[in-house]
Structures are given as structure tokens and as C-alpha cells.
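Everything on this sheet refers to the single structure shown next.
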Amino acid sequence: MKTFTDSIQARDSDSAVGQAFYNKYNEKREDAETDSTVGQAFYNKYNEKREDAETDSTVGQAFYNKYNEKREDAETDSAVGQAFYNKYNEKREDAEVDSTVGQAFYNKYNEKREDAETDSTVGQAFYNKYKESKREDAETDSAVGQAFYNKYN
């Protein structure tokens with residue numbers, strides 16, 4: 001049979017076990033509160049991140065839309081640029097043709113200028129020869145005339 005001492009010891013033992021459980025329960029409750037606070041912090045952080053992600057997504061969509069506009073503008077610019085390039089090439093080819101024609105005219109002009117210089121030199125020679133001949137003839141005529149004049153007087 002159990003004695004009174006046994007009962008007290010059993011009660012003390014139960015009390016110690018009960019206290020241990022109570023202490024363990026309190027630790028777990030405090031841990032749970034801590035976990036809950038941490039969990040709430042994670043949840044809040046998650047919500048912030050989700051809201052940030054929605055904002056980022058909106059911003060990202062705006063950037064994507066802007067990018068697409070710019071890409072379309074770039075395609076338009078490229079088409080316009082190609083048209084200008086093609087027009088430039090046509091003009092360059094025309095300029096090369098004009099240059100070739102211009103060179104031909106320049107060459108022809110130079111030939112004519114050289115011919116004119118030759119003609120001028122030849123003309124001057126004829127002119128000099130003519131002047132000399134006329135001057136000499138005039139001097140001769142003058143001498144003959146003077147002789148006749150003297151003879152007559």
C-alpha cells in the first residue's frame with residue numbers, strides 16, 4: 001500500500017512533471033508567438049514584395065510598351081533611312097554620270113583652249129609678219145616717194 005510519504009513524493013513528482021510540462025508549454029507558446037511574429041513579418045515582407053512585383057510588372061509593361069514603340073519607330077526610321085540611302089545612291093550614281101559628262105566637257109574645253117592658244121600664236125606670227133612686211137614696204141615706198149619728190153622739186 002502506498003504510504004502518505006509515497007503520496008507526497010508521487011504528488012511532488014507529478015508536480016515536477018507538471019511544472020516541466022507547463023514550462024515546456026510556455027516555451028512552446030513563446031516560441032509560437034515569436035514564430036507568429038516572424039511569420040507575420042515574413043507575410044508582410046511577402047505582401048510588400050508582391051506589391052513591388054505588381055508595381056515592377058506595371059513598370060515593366062510600360063517599359064515593354066515603350067520599347068515596342070521605339071522598335072516600331074526604329075523600323076520606320078530604318079525604312080525612311082533606307083529610302084534616303086537609296087535616293088543618295090541614285091544621286092551619287094547621277095553625280096558620277098554628271099562627273100563623267102563634265103569631265104568630257106572639261107577635256108573638250110581644254111582641247112579647244114589649247115587649239116585657241118595655238119591659233120593665237122600662229123595668228124600673232126602672221127600679224128607680226130604682216131606688220132613687218134607692211135612697215136618695210138611703207139619705208140620703201142616712202143624712200144621711193146621721197147626720191148621722186150626730191151627729183152620733182
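What follows is calculated from the coordinates using simple rules that are stated; it is not laboratory data. Since this is a predicted model, take the numbers as computed values, not measurements. Reconstructed Cβ throughout: ideal geometry from the backbone, glycine too, with neighbour counts over all protein chains shown.
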Of Val80, Gln146, Gly60, which is farthest along the charge dipole of the chain in the positive direction, counting Lys and Arg as +1 and Asp and Glu as -1 at C-beta?
-> Gln146
Computed [θ] at 222 nm, helices only, for the chain once each DSSP H run of length n ≥ 4 contributes -39500 (n - 2.57) | -38000 deg cm²/dmol
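Cβ under 11 Å from Thr76's Cβ, Thr76 left aside: what net charge do those residues give with Lys, Arg +1 and Asp, Glu -1?
It works out to a net charge of -3.
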Among Val122, Val80, Val59, whose mean-square fluctuation peaks in a Gaussian network model of the chain (Cα, cutoff 10 Å)?
-> Val122
Give the dimensionless ratio obtained when the Cα radius of gyration of the chain is divided by 2.2 N^0.38 Å.
-> 4.12
Vicinal HN-Hα couplings computed from phi for region 22-36 (Karplus, 6.51 cos²θ - 1.76 cosθ + 1.60; Hz; Gly/Pro x) | 4, 4, 5, 4, 5, 4, 5, 5, 5, 4, 5, 5, 4, 4, 5
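If you take the C-alpha gyration tensor of region 24-72, multiply each eigenvalue by 5 and take the square root, what semi-axes do you get, largest first, in whole Å? Please list the in-between numbers first.
Working: eigenvalues 407, 6, 3 Å².
Semi-axis lengths for region 24-72 are 45, 5, 4 Å.
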Per residue convex hull volume, Cα atoms of region 54-142, in Å³ | 115
